[in-house]
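Participant: Sharing a structure below in structure tokens format, with a few things to ask.
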Amino acid sequence: MSKDPQSLRPATRLVHGGTMRSQFGETSEAMFLTQGFVYPDMEAAEARFSGKDPGFIYSRFSNPTVAMFEQRMALLEGAEAARATSSGMAAVTASMFGQLKAGDHVVAAKALFGSCRYIVEELLPRFGVPCTLVDGTDLDQWAGAVQPNTKAFFLESPTNPQLEIIDIPAVADIAHRAGAKLVVDNVFATPLLQSPLKLGADCVVYSTTKHIDGQGRCLGGVILASEEFIQTHIHNFLRQTGPALSPFNAWVMLKGLETLPVRVAQQQRNAERIADFLAEQTQIARVLYPTRKDHPQYELATRQMSGGGTVIAFDVKGGKAEAFAFANSLSIIKVSNNLGDAKSLITHPATTTHQRIGPEARAESGIGDGMLRLSCGLEDVEDLIEDLTQGLKVISGR
Ligand SMILES: Cc1ncc(COP(=O)(O)O)c(C=O)c1O
């Protein structure tokens, strides 16, 4: 790019940022589907390995297509550095294990995606890093959980699936006063609707499997932070442990970024309309959507996010049986545990993504048996509302 990419607006960065053209001058970014690289001679290989020549060595370390994706993500997030991973969970795992050692302590919000909760609640303690889980919406609990050896805080906001909002600047402040780093999983907000690094977080992670691919094809993840954080905690951890993103998946994600703003904007418009529609239905006990005025943290949501996102949570009256009957009767909206897709997807968190944490932890996190999570896709919203309407008729007739 001839113009400084930082001076461009996000949509332009997402189309052009990070592009490296080969000698053929291709329009679309090339897919470098290669494990490794050859050197003109032994001296060149030596220079590459010593770091004197910054070129590519091996695709577990880095790859031109993956590098383009990382560069485009860093430009979008306004981060100094980015490292791609093979899945969102690989990004979460590296962001924590890369910076912690036995004897350290972690504070994390209770309301986490099931696998994220497994990392902090079960896996880290096995390696000598105990974790205190707190109600993420209660700032006193974050402050009260700090110990002299607390080194990292971890949270998601909005949370999966109940769309709780955590005050990122306030939690970052508590973390920093304790000498700890804050890692934010920003999957639900997407990089377009919330910028955790600007809100004070030290590291942000994504499952790029979600909105960034956005069309249900590839798994991927990314870690974004300052150059110092990446160099100190992430760079070697990823190189030596090997959760590298495949160049093919990186290419899919890179192309996904070009259309991310239009997709997220349309999916969000659909979500806003559907949330309002569901809130008027007698079969629905409660609708949770961050930018609806009845969301318990509406004020905070509008302060730290520029939109409510693409996901809605709602409680069907009557619990599991009615929630199942409703979801099973939908035809356009598909039953799936995924989100952020062009296709609208509905999930019953209590029996799928949050089954593992058990009924007590679910109750504590407000995940009832009647709760459904709806990820709004790119279909015509009138078709989605017709689909939901016929589903509601099925349960009102029972
Ligand atoms: C909030 C959140 N974080 C992390 C992940 C994990 O991502 P992946 O499936 O790409 O490993 C998910 C996936 O559902 C998620 O919803």
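Participant: Determine which single condition residue 292 fails, assuming it passes every other condition in (1) closer than 30 Å to residue 152 by Cβ; (2) without any contact (Cβ under 8 Å) to a residue 60 or more places away in the chain.
Facilitator: Result: residue 292 fails condition (1) only.
Participant: Return the residue satisfying two criteria in turn: it lies in region 90-111 and is in contact with a Cys (Cβ under 8 Å, 6 or more places away or on another chain) and farther than 15 Å from residue 150 by Cα, and of such residues it is nearest to the ligand (Cβ to nearest atom).
Facilitator: Taking the candidates together, the pick is 92.
Participant: Here's something else I'd like to know. Please go through (1) small (Gly, Ala, Ser); (2) open to solvent by 30 Å² or more (accessible area, probe 1.4 Å); (3) within 16 Å of residue 248 (Cβ to Cβ) for residue 25 and return the number of the only condition it doesn't satisfy.
Facilitator: Of everything listed in (1) small (Gly, Ala, Ser); (2) open to solvent by 30 Å² or more (accessible area, probe 1.4 Å); (3) within 16 Å of residue 248 (Cβ to Cβ), residue 25 misses just condition (3).
Participant: Assess whether residue 245 counts as being surrounded by 22 or more Cβ atoms within 10 Å (Cβ to Cβ) and either more than 13 Å from the ligand (Cβ to nearest atom) or farther than 27 Å from residue 373 by Cα (or both).
Facilitator: On the way: surrounded by 22 or more Cβ atoms within 10 Å (Cβ to Cβ): yes; either more than 13 Å from the ligand (Cβ to nearest atom) or farther than 27 Å from residue 373 by Cα (or both): yes.
So residue 245 passes the test.
Participant: In addition: For region 176-224: of the residues being of a type in the set (Lys, Arg) and within 14 Å of the ligand (Cβ to nearest atom), which is farthest from residue 250 (Cα to Cα)? Step through it out loud before you land on a result.
Facilitator: At the first step, the residues of region 176-224 found to be of a type in the set (Lys, Arg) are 177, 181, 198, 210, 217.
Subset that is within 14 Å of the ligand (Cβ to nearest atom): 210, 217.
Working: 210: 14, 217: 11 Å.
Ranking the candidates gives 210 first.
Participant: Any idea which residue in region 60-80 is nearest to residue 7 (Cα to Cα), counting only those that are in contact (Cβ under 8 Å) with a residue 12 or more places away in the chain, of a type in the set (Gly, Ala, Ser) and open to solvent by 20 Å² or more (accessible area, probe 1.4 Å)? First the steps, then the outcome.
Facilitator: Kept after step one, since they are in contact (Cβ under 8 Å) with a residue 12 or more places away in the chain, are these residues of region 60-80: 60-61, 63-80.
Cutting the leftovers down to of a type in the set (Gly, Ala, Ser) gives us 67, 74, 78-79.
Imposing the further condition that a residue be open to solvent by 20 Å² or more (accessible area, probe 1.4 Å) reduces the set to 67, 78.
On the way: 67: 21, 78: 11 Å.
The qualifying residue nearest to residue 7 (Cα to Cα) is 78.
Participant: Identify the residue in region 103-133 that is within 15 Å of the chain's Cα centre (by Cα) and open to solvent by less than 30 Å² (accessible area, probe 1.4 Å) and, among all such residues, is nearest to residue 353 (Cα to Cα).
Facilitator: First, the residues of region 103-133 that are within 15 Å of the chain's Cα centre (by Cα): 111-117.
When the remaining residues are screened for being open to solvent by less than 30 Å² (accessible area, probe 1.4 Å), the result is 111-112, 114, 116-117.
On the way: 111: 12, 112: 10, 114: 6, 116: 11, 117: 11 Å.
Across region 103-133, the extreme among qualifying residues is 114.
Participant: Looking at (1) of a type in the set (D, E, K, R); (2) touching a His at 6+ places or on another chain (Cβ under 8 Å); (3) part of a loop (DSSP other than H, G, I, E, B), find the lone condition where residue 343 falls short.
Facilitator: Unmet for residue 343, out of (1) of a type in the set (D, E, K, R); (2) touching a His at 6+ places or on another chain (Cβ under 8 Å); (3) part of a loop (DSSP other than H, G, I, E, B): (2).
Participant: Might you let me know whether region 355-367 holds any residue that is closer than 22 Å to residue 118 by Cβ, polar (S, T, N, Q) and within 16 Å of the ligand (Cβ to nearest atom)? Give the derivation first.
Facilitator: Kept after step one, since they are closer than 22 Å to residue 118 by Cβ, are these residues of region 355-367: 355-367.
Add one more test, that the residue is polar (S, T, N, Q), and what stays is 355, 365.
From what's left, within 16 Å of the ligand (Cβ to nearest atom): 355, 365.
Yes, region 355-367 contains at least one residue that is closer than 22 Å to residue 118 by Cβ, polar (S, T, N, Q) and within 16 Å of the ligand (Cβ to nearest atom).
Participant: Ok, one more. Do we find that residue 286 is surrounded by 15 or more Cβ atoms within 10 Å (Cβ to Cβ), away from the ligand (no atom under 16 Å from the Cβ), closer than 30 Å to residue 26 by Cα and over 19 Å from the mean Cα position of the chain (by Cα) in this structure? Walk me through how you get there before you give the answer.
Facilitator: Values: surrounded by 15 or more Cβ atoms within 10 Å (Cβ to Cβ): yes; away from the ligand (no atom under 16 Å from the Cβ): yes; closer than 30 Å to residue 26 by Cα: no; over 19 Å from the mean Cα position of the chain (by Cα): yes.
Against the criterion (surrounded by 15 or more Cβ atoms within 10 Å (Cβ to Cβ), away from the ligand (no atom under 16 Å from the Cβ), closer than 30 Å to residue 26 by Cα and over 19 Å from the mean Cα position of the chain (by Cα)), residue 286 does not qualify.
Participant: Hey, can you tell me all the residues within region 313-340 that are in contact with a Ser or Thr (Cβ under 8 Å, 6 or more places away or on another chain) and either in a strand (DSSP E or B) or within 16 Å of the ligand (Cβ to nearest atom) (or both)?
Facilitator: If the condition is that a residue be in contact with a Ser or Thr (Cβ under 8 Å, 6 or more places away or on another chain) and either in a strand (DSSP E or B) or within 16 Å of the ligand (Cβ to nearest atom) (or both), then 334, 335, 336, 337, 338, 339, 340 are the ones that fit.
Participant: For residue 292, indicate whether it is loosely packed, with under 15 Cβ neighbours inside 10 Å, of a type outside the set (Gly, Ala, Ser) and modelled with pLDDT of 95 or more. Working first, answer last.
Facilitator: On the way: loosely packed, with under 15 Cβ neighbours inside 10 Å: no; of a type outside the set (Gly, Ala, Ser): yes; modelled with pLDDT of 95 or more: yes.
The answer is no for residue 292.
The values are calculated or read from the model by the stated rules, or taken from the named source; none is laboratory data. Because the structure is a prediction, the values reported are computed rather than measured. Don't worry about glycine lacking a Cβ; one is built from the backbone with ideal geometry, like all the others, and counts go over all protein chains shown. Ligands, DNA and RNA are stripped out before the accessible areas are found, and what is left, the full protein with its side chains, is counted by its heavy atoms. Shrake-Rupley method; radii C 1.70, N 1.55, O 1.52, S 1.80 Å.
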